[in-house]
Amino acid sequence: VQPACETLLVALYKRWCETPPARISPRNSSGSTVQLCFAFPAIYFFLSDASPFKQPGQTLDVAPEIMEDMRMFGRVTQRTEKLLFARLGFTLENWNGVEHSADRFRLSRSGAGEHISQNQLVALRSSDSTPFSLAVVRWLMVGNEAGDLSISTRVLPGLPTALAARQMTLNPADMGPFSPAFQLSAVAEQQDPASLVLPIGWFQPGKLLQIYSSMTETVKLTALLEKGANFERVTFVNEPMF
C-alpha cells in the first residue's frame, strides 16, 4: 500500500536503472562495535549531550549524575549516558561493524532488537569518543537465525545539531508544541546545502516553521531533498521576524 509501494519502486528504479555514483572513499573492514539509536527523541538526547527534549522555556531538573560528571570530567560520561538513556526508556544498540567507508556503514546484529525499516533515520557512532552522525538505512537483510539482521547505512552530509521545531499557522494561538528536529551544516566540497531533518509529512514548499536552538528563528521551507520512512530532509531560507 502507499506510501510504501512508491518508496519500494523508487528504490528499485535507482538500483536497476540509474548509474551508481562513484564511491567517495574506499571500503575498509571494520570489526568494531557501532552504536545505533532510533526515533527522534532518542537521537535528540545524544546530540544534546544527554539532555532530553523539552519545550523552549521549559526547565528540567539536571540529573545529579550529569552535575557530578561535569564537575569531575567536564563532560557527560558514557556510564551516565547509559543510565539516563535507560531511565527515559530509549533504546541504544550495539551492532557489529562489518565494513565501512567515510559515508557508509555495513552492520550486523544477532538476536532481538529494535524494529528497523528501509529508509529509516537512525543515529550512529563508531566509538565512545566520537559524536553521533545521522544516517539512513539503505537496505536490510534477514539472516538464517531468528533475529539475525544485516543493514547498510548512508551517513547524511553535514554536522548534525539538535533543535526544536514547530509548524506555524495564521493564528499563533493555534500553533502546537515544538517537536525534536535536526539541522545539518552545509558541505561545500560535496555541494550539499544546509538542511533540516523534520518529522515525516511536514514539508510543503513555502511553509513557515519556527525553530529554536539558542534562540527562536522563522524559516521557510524551499525544497525536499529526500524523504524517508520517518523523516524528510529539506532546504530552507531564513525569514525576517517582524
Quick one: residue 127 ticks every box in (1) over 17 Å from residue 90 (Cβ atoms); (2) free of Cβ contacts under 8 Å to residues at least 60 places away in the same chain except a single one, so which number is it? (2)
Check off (1) open to solvent by less than 30 Å² (accessible area, probe 1.4 Å); (2) over 17 Å from residue 228 (Cα atoms); (3) in a loop (DSSP other than H, G, I, E, B) for residue 165 and give me the number that stays unchecked. (3)
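Residues checked against (1) out of contact with any His (no Cβ under 6 Å at 6 or more places or on another chain); (2) outside any loop (DSSP other than H, G, I, E, B); (3) surrounded by 15 or more Cβ atoms within 10 Å (Cβ to Cβ):
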{"residue": "180", "(1), (2), (3)": "yes, yes, yes"}
{"residue": "183", "(1), (2), (3)": "yes, yes, yes"}
{"residue": "189", "(1), (2), (3)": "yes, yes, no"}
{"residue": "196", "(1), (2), (3)": "yes, yes, yes"}
{"residue": "205", "(1), (2), (3)": "yes, no, no"}
{"residue": "221", "(1), (2), (3)": "yes, yes, yes"}
{"residue": "229", "(1), (2), (3)": "yes, no, yes"}
{"residue": "232", "(1), (2), (3)": "yes, yes, yes"}
{"residue": "238", "(1), (2), (3)": "yes, yes, no"}
Scanning region 166-203 for residues that are farther than 24 Å from residue 38 by Cα and touching a Leu at 6+ places or on another chain (Cβ under 7 Å) gives 168
Mind listing just one residue for me: the one in region 65-115 that is modelled with pLDDT of 80 or more, polar (S, T, N, Q) and surrounded by 13 or more Cβ atoms within 10 Å (Cβ to Cβ) and, of those, nearest to residue 130 (Cα to Cα)? 96
Counted residues, region 127-159 - those being in a loop (DSSP other than H, G, I, E, B) and either surrounded by 16 or more Cβ atoms within 10 Å (Cβ to Cβ) or aliphatic (A, V, I, L, M) (or both): 6
So the check is Cβ under 8 Å with 6+ separation or different chains; which pairs have a first residue in region 38-55 that's surrounded by fewer than 17 Cβ atoms within 10 Å (Cβ to Cβ) and a second one that's of a type in the set (Lys, Arg)? 49/75
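The values are calculated or read from the model by the stated rules, or taken from the named source; none is laboratory data. What you are looking at is a predicted structure, and each value in this text was computed from that prediction instead of being measured. Note: ideal-geometry Cβ built from the backbone for every residue, glycine included; neighbour counts use all protein chains shown. Protein only, heavy atoms only, side chains kept; ligands, DNA and RNA dropped before computing areas. Shrake-Rupley method; radii C 1.70, N 1.55, O 1.52, S 1.80 Å.
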